[in-house]
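These notes are about the structure you will find just below.
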Amino acid sequence: MSDHAPVILDIAGLTLTDIDRARLAHPLCGGLILFARNWKNREQLTQLCADIKSIREDLLICVDHEGGRVQRFRTDGFTHLPPMRSLGELWMQDGGQGGSAMHATDVATACGYVLGSELRACGVDFSFTPVLDLDWGESGVIGDRAFHRDARVATLLAKCLMHGLLQAGMANCGKHFPGHGFVKADSHTDIPIDERALHAILADDAAPYGWLSATLTSVMPAHVIYPQVDSRPAGFSRRWLEDILRRQLGFQGAIFSDDLSMAGARIIDGREVSYTEAAIVALDAGCDMVLLCNQSVESEGGVAVDELLEGLEAAAKQAKWVANARSDDRRRALLPATPSPTWDWLMAHPAYLRSIDLLI
């Protein structure tokens, strides 16, 4: 087995194919990300996760499951979680000066506990949540996924949600560093550019990352260019990841690239790059893991995934990329340390039932 398995990939369907199994067994594969297309019901998801773990116990099974419009599993008993903005609105019900703020923190913890517990009961290890972007009212792709415009409110609500995840035995992921909420463009289809100076970003959008440096277990940087800081998007920038996030803000956990198939990841230094090139630049900049999503459903049936795995393997042999054992330690640290609950146990567990009451 490799001492660094940085690739997080995806699969097309409800069960594993022989090709999926071969990719997941590749020594450079560290896990996979699930989507709504991989969901039929709890029984199917639980079996799929068990099949994945039968290939390698250390594979990290991930999902984007935040609440609101970004929630991959919504039927067969999964609780419909609120968008994070609703927690910020609850905080402000009495002007943010009294009991509503305290109640909002309790609801945020309940939200994290329900989110983490339900996923873990089906065998999912990890969710890319919470969003730490600020709600500037400009970004359609972030929008109500953000807690609040005020970095202090967003930070405290996120911390409470992460407390709930921790109670469920799940790690967390703050995204999208240093902040995606200020720009209008969607990095799935564009390359957003934020023209603000570094001091302005650090004083506002990036502030939660410093305040949560001892709480965050992982971070996902934005496919956004901040030209006054670096000409490269944050996820490909050593300045942002190593100098600012790790050294200046003190973050010690794992760093995931955002999806390398997004438009914001395909142009680096003014040039369109291959997935392998993008992955190498991201890893060299300080990412521990790289995501390549939605390629298994392309007409070629995931050729891009194979090209990335083979390309990284060749790059390692040619010393164009050096595996990092510390990066893999950070990946493994995101795996749950406690046994998963059963769904039946969860449905009778007092902490879960109280959390459900708070969310209804």
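The values are calculated or read from the model by the stated rules, or taken from the named source; none is laboratory data. Just so we're clear, the structure is a prediction, and the values are computed from it rather than from any experiment. Methodologically, a virtual Cβ is constructed for each residue, glycine included, from the backbone with ideal geometry; neighbour enumeration extends over all protein chains shown.
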Quiz item: How many of the residues in the stretch 91-109 are under 25 Å from the mean Cα position of the chain (by Cα) and surrounded by fewer than 24 Cβ atoms within 10 Å (Cβ to Cβ)?
Solution: 4
Practice problem: Look at I191 and say whether it is touching a strand residue (DSSP E or B) at 6+ places or on another chain (Cβ under 8 Å) and assigned to a loop (DSSP other than H, G, I, E, B). | Solution: yes
Exercise. Please specify each residue of the stretch 302-360 satisfying the condition of being more than 28 Å from M84 (Cα to Cα) and of a type in the set (D, E).
Key: D306, E307, E310, E313, D328, D329
Quiz item: Are any of the residues in the stretch 283-300 touching a His at 6+ places or on another chain (Cβ under 7 Å) and surrounded by 21 or more Cβ atoms within 10 Å (Cβ to Cβ)?
Solution: no
Practice problem: Identify, by number, the condition in (1) at pLDDT below 95; (2) part of a helix (DSSP H, G or I); (3) touching a helix residue (DSSP H, G or I) at 6+ places or on another chain (Cβ under 7 Å); (4) of a type outside the set (S, T, Y) that W240 doesn't meet. | Solution: (1)
Practice problem: Of all residues in the stretch 310-339, count the ones that are without any contact (Cβ under 8 Å) to a residue 40 or more places away in the chain and over 18 Å from A279 (Cα atoms). | Solution: 2
Quiz item: What number of residues within the stretch 115-159 are small (G, A, S) and outside any loop (DSSP other than H, G, I, E, B)?
Solution: 8
Exercise. Of the numbered conditions (1) loosely packed, with under 14 Cβ neighbours inside 10 Å; (2) small (G, A, S); (3) in contact with a Gly (Cβ under 8 Å, 6 or more places away or on another chain), A348 fails exactly one; give the number of that condition.
Key: (3)
Quiz item: Residues M170, M162: which one is surrounded by 24 or more Cβ atoms within 10 Å (Cβ to Cβ), in a loop (DSSP other than H, G, I, E, B) and at pLDDT 95 or above?
Solution: M170
Quiz item: Among the residues of the stretch 232-240, is there at least one that is within 13 Å of P178 (Cα to Cα), surrounded by 15 or more Cβ atoms within 10 Å (Cβ to Cβ) and in contact with a Pro (Cβ under 6 Å, 6 or more places away or on another chain)?
Solution: yes
Exercise. Scan the stretch 341-354 and report the pairs whose first residue is within 15 Å of G116 (Cβ to Cβ) and at pLDDT below 95 and whose second residue is surrounded by 13 or more Cβ atoms within 10 Å (Cβ to Cβ) and among the aliphatic types (A, V, I, L, M), with Cβ atoms within less than 9 Å and a gap of 6+ or a chain change.
Key: none
Quiz item: Pairs under 8 Å by beta carbon, first residue at pLDDT below 95 and buried (at least 22 other Cβ atoms within 10 Å of the Cβ) in the stretch 211-222, partner aromatic (F, W, Y) and part of a strand (DSSP E or B), six or more apart or different chains?
Solution: A222/F177
Quiz item: Got a number for residues in the stretch 301-341 being surrounded by 13 or more Cβ atoms within 10 Å (Cβ to Cβ) and part of a loop (DSSP other than H, G, I, E, B)?
Solution: 12
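Results for (1) more than 24 Å from Q44 (Cα to Cα); (2) modelled with pLDDT of 95 or more, shown as yes or no for each residue.
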{"site": "V107", "(1), (2)": "yes, yes"}
{"site": "C122", "(1), (2)": "no, yes"}
{"site": "T129", "(1), (2)": "no, yes"}
{"site": "W136", "(1), (2)": "yes, no"}
